[in-house]
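The numbers here are math on the coordinates, done by the rules we state, and not lab data. No experiment lies behind these values; they were computed from the predicted model shown. So basically every Cβ, Gly included, is an ideal-geometry build from the backbone, and we count neighbours across all protein chains shown.
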Amino acid sequence: MTADESTQETEASLADEPEVRQALADGNRGSVVAVVADHPSSPLAWTELADIADSEGRAIEAFAFASVAAEFARDQLAASGWQPGEAVPWSDERNRAFLRALDTQRRAAIELGLNDRAARLAGELSSADPDAPARIASEFTPTQLISVVTTAQLFEAAAANEAHTAAVVEARAGEPLAEPAVLDAAGED
């Protein structure tokens, strides 16, 4: 077979984990630990756990969880023939767990003062996919997290507001209403 006839090399890719994706989609932030316990070698599950720790400012846990995620991802990638330094494209959604884990680990390393480690992780991330850091920054930032409010919490807040309003109305019962203030129309002809 000549070089022209050789098949093009396939890009590195993590294993597809539909059951993990589904469990994460069906759960909430509190259920991610259970997903990790059910799928302890899943890079995606560990990455989600790392992202939660990162978003809550728990740098030590974020670093540890992201380290585990990245290590499991490297093992999966190596099993498919990948070598460190080779591309791991963001365009393949399965690979995003690895790339996000590297970035979370890098950010946590900075928080912990591990600047040399952070620089190595930034280099590894960039060599895996130079566009990944920008994609992660725009799509997976802690500031994009939304607090989940249950229906019960909404009703509690509404009831507290109603009780406060009723107390204010009762306290002001019998007081005369103030006349509206007239604004001076200075400068108008």
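Here are the numbers:
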{"read-out": "Per-bin percent of Cα-Cα distances, region 1-112 [10 Å]", "value": "15, 42, 29, 8, 5, 1"}
{"read-out": "Convex hull of region 15-56 built on C-alpha atoms - directionally averaged projected area, nm²", "value": "2.7 nm²"}
{"read-out": "Phi-based couplings in Hz for region 78-90 (Karplus 6.51, -1.76, 1.60; Gly and Pro marked x)", "value": "4, 5, 9, x, 5, 10, x, x, 7, 5, 9, x, 4"}
{"read-out": "Protection-proxy order for peptides 21-30, 127-136, each taking the mean of Cβ atoms within 10 Å per residue, highest first", "value": "127-136, 21-30"}
{"read-out": "Cα-only Debye scattering, region 46-95: base-10 log of I(q)/I(0) at q = 0.20, 0.22, 0.31 Å⁻¹", "value": "-0.73, -0.81, -1.06"}
